[in-house]
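Trainee: Got a structure for you, written out below as structure tokens; questions coming shortly.
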Amino acid sequence: MTSAELENRSIDFAAGCIKLTKTVFISFAAEHMSGQLIRSSTSSALHYSESIGVSSYRDYINKMQICLKELRESKTNLIIQSKSDFYEDNKATEYLIEEAIELVKIFSKSIATSKQTNKKI
């Protein structure tokens, strides 16, 4: 997967989370969790975009680790929302949970590969 493809996938994930929150049943908890989901999912996409143009290996790893942290937070948030019945139809939530799991795997592998490659330099 190219960096442009991963960037687009991260953006699509964030946009999907934003769209999902527009359909939430209104309650204090739902609004709180939805706001946090928007912050974490968009943060991941934005930090990945920043990682593409960094000037050092350390900065790249730092940005990628932030992406990974935010993706994990988004995944957990989506699971909590799904289990709390915040939505009438959980199909979109289930899709986003699966996408978050896939993105976590991709980012984890990318970080591990980058660290391993850097050890050889």
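Trainee: Inside the range 26-35, can you point out the residues that are farther than 21 Å from residue 100 by Cα, of a type outside the set (A, V, I, L, M) and open to solvent by 100 Å² or more (accessible area, probe 1.4 Å)? Explain how you work it out, then say what you get.
Mentor: Looking only at the range 26-35, we keep the residues that are farther than 21 Å from residue 100 by Cα, and these are 26-29.
Still in the list and also of a type outside the set (A, V, I, L, M): 27-28.
Correct list: 28 only.
Trainee: Scan 52, 38 and give me the residue that is closer than 19 Å to residue 118 by Cβ, of a type in the set (Val, Ile, Thr) and either in contact with a strand residue (DSSP E or B) (Cβ under 8 Å, 6 or more places away or on another chain) or touching a residue at least 12 places away in the same chain (Cβ under 8 Å) (or both).
Mentor: The unique qualifying residue is 52.
Trainee: Continuing with the same structure: Looking at the structure I just gave you, is residue 88 open to solvent by 20 Å² or more (accessible area, probe 1.4 Å), outside any helix (DSSP H, G or I), over 20 Å from residue 1 (Cα atoms) and in contact with a Ser or Thr (Cβ under 8 Å, 6 or more places away or on another chain)? Step through it out loud before you land on a result.
Mentor: Values: open to solvent by 20 Å² or more (accessible area, probe 1.4 Å): yes; outside any helix (DSSP H, G or I): yes; over 20 Å from residue 1 (Cα atoms): yes; in contact with a Ser or Thr (Cβ under 8 Å, 6 or more places away or on another chain): yes.
Yes.
Trainee: So residue 96 ticks every box in (1) modelled with pLDDT of 95 or more; (2) farther than 15 Å from residue 9 by Cβ; (3) open to solvent by less than 20 Å² (accessible area, probe 1.4 Å) but one. Which box is left unticked?
Mentor: (2)
Trainee: Collect the residues in the range 50-67 that are open to solvent by 40 Å² or more (accessible area, probe 1.4 Å) and either assigned to a helix (DSSP H, G or I) or closer than 14 Å to residue 108 by Cα (or both), keeping them in residue-number order.
Mentor: 50, 52, 57, 58, 59, 60, 62, 65, 66
The values are calculated or read from the model by the stated rules, or taken from the named source; none is laboratory data. Keep in mind it's a predicted model, so treat the numbers as computed, not measured. Please note: Cβ atoms are built from the backbone with ideal geometry, for glycine as well, and neighbour counts cover all protein chains shown. Protein only, heavy atoms only, side chains kept; ligands, DNA and RNA dropped before computing areas. Shrake-Rupley method; radii C 1.70, N 1.55, O 1.52, S 1.80 Å.
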